[in-house]
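**Student:** Got a structure for you, questions after.
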Amino acid sequence: MTRGSVWLWMISVLAVGLAQAQEAAAPVATEPVEVLKTLRTEHPRLMLTPAQLSSLKDSAKTDPVLADYVSQVIAQADKVLGEPPLEHKLIGPRLLSVSRACLQRIYTLGVAYRWTGEVKYADAIKSNMMTVCAFPDWNPSHFLDTAEMSHAVAIGYDWLYDVLTPESRDTIRHALIELGLKPGMAVYEGGGKWTVSDFNWNQVCNGGMLIGALAIAETDPQYAEYIVPRAVASLPKALASYAPDGAWMEGPGYWHYATRYTAFALCAMDTALGTDFGLSKMEGLSVTGQFPNYT
């Protein structure tokens, strides 16, 4: 059993949409109009909708590979229950290890909770979120840290929305805005490096901001209205690197990081808004799964 099985689970879910993308179809929309017009206002709406979860549960009855993923993730969630609280502790200039630990915990616990309905997993998600929401910052000077923490908190907020108290929702939403989205908006406003780069920071940072903004879009629409058009305009700078054959210039390790976040970003828009504004149709993206096989 590996700690990576939750990512195997998520990639197996997210890859379906990418595999169905058709090359050279509709052009990318860089200035989406009325981006929240088609917003699903109910929760959960990010990555794994209730209908998709129900379908997966049905599939697991006859799909031994999927059933094994589920059992591994639930076993991991049981281990996470005993892990100590996260701390705001930098390694060099980075908080990234803490952000990634939070993301891993919330996805693992979140899948376990949504699959089993056991309250112990929901309680652990809430505890982890309240811990990181009390941090003084999410280290925006190394913005990967902020993006991944925003992603983690947004998924926890969305997936647990119905069992969180109004007070807890307010606390989490406030932290997501102040520690995540507002620092990200400042980077967009200043034309920061990751907004114009063609490597993994682009997908990770845009993806974290998209997911964070979409999680709270029905109560705080101004953040999604600002972030979604800018992220949709920024992402093609990196996604163009997959052309023409799906290869990734940074090699297979960073391919995994960049492509996982590409899938997160596109899937979040698709499940929340019903569209990824044509981004999944960019050349090379639908065949990029072959790249790690060849390398």
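The values are calculated or read from the model by the stated rules, or taken from the named source; none is laboratory data. Being a predicted model, the structure only gives us computed values, none of them experimental. Don't worry about glycine lacking a Cβ; one is built from the backbone with ideal geometry, like all the others, and counts go over all protein chains shown. The accessibility values were calculated without ligands, DNA or RNA, using every heavy atom of the protein model including side chains. Shrake-Rupley method; radii C 1.70, N 1.55, O 1.52, S 1.80 Å.
**Student:** Give a residue-ordered list of calculated ³J(HN,Hα) values for region 90-95 (Karplus: 6.51 cos²θ - 1.76 cosθ + 1.60, θ = phi - 60°; whole Hz; x for Gly, Pro).
**Tutor:** Calculated HN-Hα couplings, in order: 7, 10, x, x, 10, 9 Hz.
**Student:** Turning to a different aspect of this structure: What pairs in Lys89/Lys237; Lys37/Lys79; Lys37/Lys237; Lys57/Lys182; Lys37/Lys89; Lys126/Lys237 have C-alpha atoms more than 30 Å from each other? Don't jump to the answer; show the numbers that get you there.
**Tutor:** Details: Lys89/Lys237 33 Å; Lys37/Lys79 41 Å; Lys37/Lys237 26 Å; Lys57/Lys182 38 Å; Lys37/Lys89 40 Å; Lys126/Lys237 36 Å.
Flagged as over cut-off: Lys89/Lys237; Lys37/Lys79; Lys57/Lys182; Lys37/Lys89; Lys126/Lys237.
**Student:** Glu283's amide H: which non-local residues (gap 5+, or another chain) put their own amide H closer than 5 Å, with H modeled 1.01 Å from N in plane and none for Pro or chain starts?
**Tutor:** Long-range HN contacts for Glu283: Ala24.
**Student:** For region 128-171, list residues with backbone N below 15 Å from a point placed 7 Å from the Cα of Glu87 toward its Cβ?
**Tutor:** Zone members listed by number: 132, 135-136.
**Student:** Another question, if that's okay. Rolling a 1.4 Å sphere over the protein heavy atoms, what is the accessible area per residue of the chain, to the nearest Å²?
**Tutor:** Per-residue value: 41 Å².
**Student:** Let me ask something additional. Of the listed peptides 109-122, 60-73, what is their order by residue-averaged count of other C-beta atoms within 10 Å, with the highest listed first?
**Tutor:** In decreasing order of mean packing, 109-122, 60-73 become 109-122, 60-73.
**Student:** Which one of Ser197, Tyr223, Leu179 has its Cα pushed farthest toward the positive end of the charge dipole of region 163-227, where Lys and Arg give +1 and Asp and Glu give -1 at the Cβ?
**Tutor:** Of Ser197, Tyr223, Leu179, it is Ser197.
**Student:** If you don't mind, another one. With θ taken as phi - 60° and the coefficients 6.51, -1.76 and 1.60, list the Karplus ³J(HN,Hα) couplings across region 246-252 in order, rounded to whole Hz; mark glycine and proline as x.
**Tutor:** Result, ordered by residue: x, 5, 10, 5, 8, x, x Hz.
**Student:** Given 37 °C and 0.692 mPa s, compute D for region 42-150 with the Stokes-Einstein relation, Rh being the Kirkwood radius over Cα pairs; round to the nearest whole µm²/s. Spell out each step's value before the answer.
**Tutor:** Details: Rh = 15.2 Å.
Once the numbers are plugged in, D ends up at 217 µm²/s.
**Student:** Moving on. Say we join alpha carbon atoms closer than 10 Å with springs in a Gaussian network model of the chain; which of Met282, Met149, Met249 then has the biggest fluctuation?
**Tutor:** Taking springs between Cα atoms under 10 Å, the residue moving most is Met249.
**Student:** Can you compute the equivalent ellipsoid semi-axes for region 46-98, i.e. the square root of 5 times each eigenvalue of the Cα gyration tensor, sorted largest first and rounded to whole Å?
**Tutor:** Semi-axes, largest first: 33, 15, 10 Å.
**Student:** With N residues in the chain, what two-decimal value do you get for its Cα radius of gyration over 2.2 N^0.38 Å? Let's see the in-between values first.
**Tutor:** Details: Rg = 17.9 Å, N = 295, 2.2 N^0.38 = 19.1 Å.
Here the answer is 0.94, to two decimals.
**Student:** Please compute the modelled spin-label separation between Arg94 and Val119, points set 7 Å along Cα→Cβ, answer in nm with one decimal.
**Tutor:** Inter-label distance under the simple model: 3.9 nm.
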